[in-house]
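Peer 1: Quick one: the structure is below, and I'll ask about it shortly.
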Amino acid sequence: MAAGKKSESVESKKRKKSKSKTPEENHAENGISEQPGPSGGGGEEKQQGALFPPTFSVSEIKNKQRRHFMFLKYKLEKRKEKLALRKKRKKERAALGDKAPPKAVPKTIENQRVHDETTVDPEDEEVAYDEATDEFAPYFNKQMTPKILITTSDRPRGRSVRFTEQLSSIIPNSHVYYRRGLALKKIIPQCIAKDFTDLIIINEDRKVPNGLVLCHLPNGPTAHFKLSNARLRKEIKRKGKEPTEHKPEVILNNFSTRLGHSIGRMFASLFPHDPQFIGRQVATFHNQRDYIFFRYHRYIFKSEKRVGMQELGPRFTLKLRSLQKGTFDSKHGEYEWVHKRHEMDSNRRKFHL
């Protein structure tokens with residue numbers, strides 16, 4: 001009896017709720033619409049589509065996994081649309097033949113950069129005079145042979161030690177000396193006395209190399225770089241065999257301004273002026289957006305028109321921090337250029353590499 005009374009009370013409550021609702025709301029709960037279609041029918045199909053609004057936002061999904069799945073699905077659809085549009089344009093260009101419009105040039109940071117007034121003209125008489133009288137002129141005139149001393153910060157750790165050794169293996173006629181509390185002001189006179197032409201110091205922080213100082217001897221200049229993204233040979237995928245002792249070729253890309261011209265000549269003076277092409281090894285310094293990317297490759301001739309490349313390592317990225325006249329002097333040195341981080345405007349800074 002008690003169960004029968006409870007069921008009757010529940011049914012009565014449902015009847016009261018259904019009476020309080022309008023007929024349209026009752027039909028909406030059941031997924032049925034009374035709005036007639038254009039020909040008097042098809043109302044049910046319209047209502048089924050209206051249950052999911054067309055302007056659905058993925059960010060409205062509360063479940064994280066479901067939201068991530070829908071976002072990946074959205075990216076896949078966009079990629080398919082992009083590929084379909086690319087195939088359509090390719091077919092149109094093939095159909096038009098020679099009458100096809102030229103391809104649009106994509107906008108990049110390099111081609112949108114404002115022209116720098118300090119860009120060097122190779123035929124400029126002033127630039128030619130500076131090259132003939134600067135500190136690197138004896139090297140380019142083949143009057144001296146580079147002799148490099150590579151050292152580190154005091155008590156380097158394992159990664160910096162391996163990086164220094166691999167760097168010395170790609171720079172011919174270079175020697176490694178590990179500092180044991182000896183100041184740079186005492187190392188420089190010793191280097192000059194032993195006819196070293198350049199001094200390279202590798203700094204580290206938390207067991208990772210993070211800085212490079214390049215000092216040209218005996219009269220400078222001295223460049224200080226921030227070192228980042230250093231990768232040893234074992235960390236490079238699809239690397240070639242160990243480099244040989246042949247003198248490598250040197251490639252300098254985009255060192256087109258007065259400042260970049262000086263930095264490029266500093267890098268060139270580290271390697272002998274007469275490369276041995278039989279070794280097929282190339283050291284590349286590529287300047288892009290004022291970052292200098294270093295790569296060391298071996299090229300292989302696959303045919304008369306095809307050339308393969310094998311990266312030998314190591315690789316790293318440099319960012320110029322300062323250029324100082326003379327040898328290293330942190331207190332009384334005269335600086336030609338200093339990177340000022342907080343004075344950069346929309347046109348970048350005055351001097352580029």
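The values are calculated or read from the model by the stated rules, or taken from the named source; none is laboratory data. As the structure is a computational prediction, the values presented were derived from the model and not from experiment. When we count neighbours, we look across all protein chains shown, and the Cβ atoms used for this are built from the backbone with ideal geometry, even at glycine. The area values use the complete protein model at the heavy-atom level, side chains included, leaving out ligands, DNA and RNA. Shrake-Rupley method; radii C 1.70, N 1.55, O 1.52, S 1.80 Å.
Peer 1: State, to one decimal in nm, how far the label point of ASP329 lies from the label point of ALA193, with both points 7 Å from Cα in the Cβ direction.
Peer 2: With each label placed 7 Å out from Cα toward Cβ, I get 2.0 nm.
Peer 1: Okay, moving on. Would you work out what percent of the accessible area of region 104-257, with all protein chains in place, is carbon or sulfur (probe 1.4 Å)?
Peer 2: On the way: 4500 of 9280 Å².
Carbon with sulfur: 48 percent of the solvent-accessible area.
Peer 1: I've got another one for you. Per residue, how much accessible area does region 177-220 show when a 1.4 Å probe rolls over the protein heavy atoms, in square angstrom?
Peer 2: Numbers: 2300 Å² over 44 residues.
Dividing the accessible area of region 177-220 by its residue count gives 52 Å².
Peer 1: If you don't mind, there's one more thing I want to ask. Using a basic spin-label model with each label point 7 Å from the Cα along Cα→Cβ, how many nm lie between ARG67 and ASP124?
Peer 2: Distance between label points: 5.5 nm.
Peer 1: Let's test the formula: R0 of 41 Å, r as the Cβ-Cβ distance of ARG179 and SER59. What FRET efficiency results, to the nearest 0.05? Could the numbers behind the result be given before it?
Peer 2: Numbers: r = 56 Å, r/R0 = 1.36.
Computed FRET efficiency for ARG179 and SER59 comes out at 0.15.
Peer 1: Taking H as built 1.01 Å from N, whose amide H comes closer than 5 Å to the amide H of GLY326, not counting residues under 5 places away?
Peer 2: THR222
Peer 1: Moving on to the next point. Quick one: which of LYS142/LYS302; LYS237/LYS302; LYS75/LYS237; LYS142/LYS247; LYS147/LYS247; LYS80/LYS103 span more than 23 angstrom between C-alpha atoms?
Peer 2: Values: LYS142/LYS302 34 Å; LYS237/LYS302 21 Å; LYS75/LYS237 29 Å; LYS142/LYS247 15 Å; LYS147/LYS247 13 Å; LYS80/LYS103 21 Å.
Where the Cα-Cα span goes over 23 Å, the pairs concerned are LYS142/LYS302; LYS75/LYS237.
Peer 1: Which residues' amide hydrogens lie under 5 Å from the amide hydrogen of ARG315, considering only partners 5 or more residues apart or on another chain, with H built in the peptide plane?
Peer 2: Counting only residues 5 or more places away or on other chains, the set is ARG231.
Peer 1: Please list 3J(HN,Hα) in residue order for region 280-290, calculated via the Karplus relation 6.51 cos²θ - 1.76 cosθ + 1.60 where θ = phi - 60°; whole Hz, with x for glycine and proline.
Peer 2: 6, 10, 10, 9, 10, 10, 10, 9, 8, 6, 6
Peer 1: Let me ask something else. Does region 125-237 come out rounded, prolate or oblate, given a ≥ b ≥ c as the square roots of the eigenvalues of its C-alpha gyration tensor, rounded meaning a/c under 1.5 and, failing that, prolate meaning a/b above b/c? Could the numbers behind the result be given before it?
Peer 2: Values: a/c = 2.04, a/b = 1.60, b/c = 1.28.
Because a/c hits 1.5 or more and a/b exceeds b/c, region 125-237 counts as prolate.
Peer 1: Tally Lys and Arg at +1 and Asp and Glu at -1 over the other residues with C-beta under 9 Å from the C-beta of PRO172: what net charge comes out?
Peer 2: Working: positive: LYS247; negative: GLU245.
Once positives and negatives cancel, what remains is 0.
Peer 1: Now a separate question. Taking a temperature of 25 °C and a viscosity of 0.890 mPa s, what whole-number D in µm²/s does Stokes-Einstein yield for region 168-233 with Rh from Kirkwood over alpha carbon pairs? Before the final figure, lay out each step's value.
Peer 2: On the way: Rh = 13.2 Å.
For the chosen part, D equals 186 µm²/s.
Peer 1: Another question, if that's okay. Counting just the Cα atoms, what span does region 199-353 cover along each of its three principal axes? Round to the nearest Å and put the largest first.
Peer 2: Its Cα atoms span 53, 35, 34 Å along the three principal axes.
Peer 1: Net charge around ARG79, counting only other residues with Cβ within less than 12 Å of its Cβ (Lys, Arg = +1; Asp, Glu = -1)?
Peer 2: Working: positive: LYS73, LYS75, LYS78, LYS80, LYS82, ARG86; negative: GLU77, GLU81.
Once all neighbours under 12 Å are counted, the net charge is +4.
Peer 1: Full-extension gain between ALA132 and ASP98, please, as 0.36 nm times their residue separation minus the C-alpha to C-alpha distance. Spell out each step's value before the answer.
Peer 2: Details: separation 34, 0.36 × 34 = 12.24 nm, distance 4.99 nm.
Separation in residues times 0.36 nm, less the Cα-Cα distance, equals 7.3 nm.
Peer 1: Here's a follow-up. Give me the 1.4 Å probe accessible area per residue for region 100-143, excluding ligands and nucleic acids, in Å².
Peer 2: Details: 3690 Å² over 44 residues.
Computed with neighbouring chains in place, this is 84 Å² per residue.
Peer 1: Now for a separate question. Measure off 7 Å from each Cα along the Cα-to-Cβ vector at VAL161 and ARG238, then give the distance between these two points in nanometres to one decimal.
Peer 2: Taking the simple label geometry, VAL161 and ARG238 are separated by 3.4 nm.
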